[in-house]
Structure formats: structure tokens, C-alpha cells
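The values are calculated or read from the model by the stated rules, or taken from the named source; none is laboratory data. The shown structure was predicted, so the numbers you read here are calculated from the model rather than taken from an experiment. Reconstructed Cβ throughout: ideal geometry from the backbone, glycine too, with neighbour counts over all protein chains shown.
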Amino acid sequence: MTSKGYKRKPHPPGTPLTSMEPGTFCFHYSVATGAETHKVNVSVDVLIQPKVLRPDNLPIMIEAKSAGDFTNTNKRRKEEAKKISQLKASYGAGICYMVFLCGYFDSGYLGYEAADLIDWIWEHRISDFDELGL
């Protein structure tokens, strides 16, 4: 990201995601979801606020996934479904939440992600991030 002119800058916890500075990114951020009376923090591996803001001013959220074999992916594939559900309930259906895949992911895993409208980028096609306007 730094090669594209982005700066690594922590986003202060508890501040609205829409106030994240354009052209910045941060790692391992806890995104608050849920109702005022019952907040749940959802961990997101990477937040990237594009230089040109999206209509909702929300950063792009990326979950990094690595798997050494196909068995491991089936045990963890519900994690993203729960996260995307919580994020959409709090921030709207238009959020941009992607998984960055490294390793072995079969069509069963990919189908499960696609059913929840979660898109992915493969480690060997990292240039696909360009399609996000970064």
C-alpha cells in the first residue's frame, strides 16, 4: 500500500469509521457492531480508506485467510459469514468486505463465501486490489 502512496496510520478506537483519513490503512482493528445496548467488537485484519472516498465514506475491510489444507477451511468458513452479518447490520449492505486468500481453498469454501456475498482476492492475483480503486 505504501508503494501506492498510502500511509499506515492507526485509526483511534471508538471514533467513527467514516472519519478515517483518506489514503490511510491500519491493521487489526476492532469494529464496533450491534445495538447501543449490546455492542460487539468484530476484528478486521485490514482497514483501507481509499484516497477517493466511497459514497458511504466507509473504509474497505479485508480479512486475511491462510490455509495449509482444504480441511482447515471448512472449519473456519462460518467465521466470515458471522462477521459480514454483524457488519451489514451495523453499517449497511453496501460495505466492502473482502477476504484475501493464501493457500488451499476449494470450491466448497468459495461457494459458501459467495452465498454470503463475500468476494475474495487470491495471493497470486494481488493486482486485483486495483479493481477496488486503490
Subject >> Scan of segment 98-112 for residues that are touching a strand residue (DSSP E or B) at 6+ places or on another chain (Cβ under 6 Å) and within 17 Å of SER85 (Cβ to Cβ), ordered by number >> reply: MET98, VAL99
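Just to be sure, is SER127 over 20 Å from LYS4 (Cα atoms) and either surrounded by fewer than 14 Cβ atoms within 10 Å (Cβ to Cβ) or modelled with pLDDT of 90 or more (or both)? Break it down into steps so the answer makes sense when it comes.
Values: over 20 Å from LYS4 (Cα atoms): no; either surrounded by fewer than 14 Cβ atoms within 10 Å (Cβ to Cβ) or modelled with pLDDT of 90 or more (or both): yes.
Answer is no for this residue.
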Original post:
Between a first residue in segment 1-28 that is at pLDDT 90 or above and a second residue that is hydroxyl-bearing (Ser, Thr, Tyr) and surrounded by 10 or more Cβ atoms within 10 Å (Cβ to Cβ), which pairs have beta carbons less than 6 Å apart while being 6 or more apart in sequence or on different chains?
Top reply: LYS7/THR24; LYS9/THR24; GLY23/TYR6; PHE25/TYR6
Original post:
In the list VAL42, VAL52, which residue meets the criterion of being among the hydrophobic types (A, V, I, L, M, F, W, C), under 18 Å from GLY94 (Cβ atoms) and in a loop (DSSP other than H, G, I, E, B)?
Top reply: VAL52
**OP:** Check ALA67, ALA81 and return the single one that is of a type in the set (Gly, Ala, Ser), within 21 Å of ILE121 (Cβ to Cβ) and surrounded by 18 or more Cβ atoms within 10 Å (Cβ to Cβ).
**Re:** ALA67
Subject >> Tabulated pairs, segment 79-90, first free of Cβ contacts under 8 Å to residues at least 60 places away in the same chain, second surrounded by fewer than 19 Cβ atoms within 10 Å (Cβ to Cβ) and in a helix (DSSP H, G or I), C-beta under 8 angstrom, 6+ apart or interchain >> reply: ALA81/TYR112
Original post:
What's the number of the condition SER19 fails, among (1) under 26 Å from ASP130 (Cα atoms); (2) surrounded by 12 or more Cβ atoms within 10 Å (Cβ to Cβ); (3) of a type in the set (S, T, N, Q)?
Top reply: (2)
Subject >> Selection status of ALA64, without any contact (Cβ under 8 Å) to a residue 60 or more places away in the chain and within 23 Å of ARG8 (Cβ to Cβ) >> reply: yes
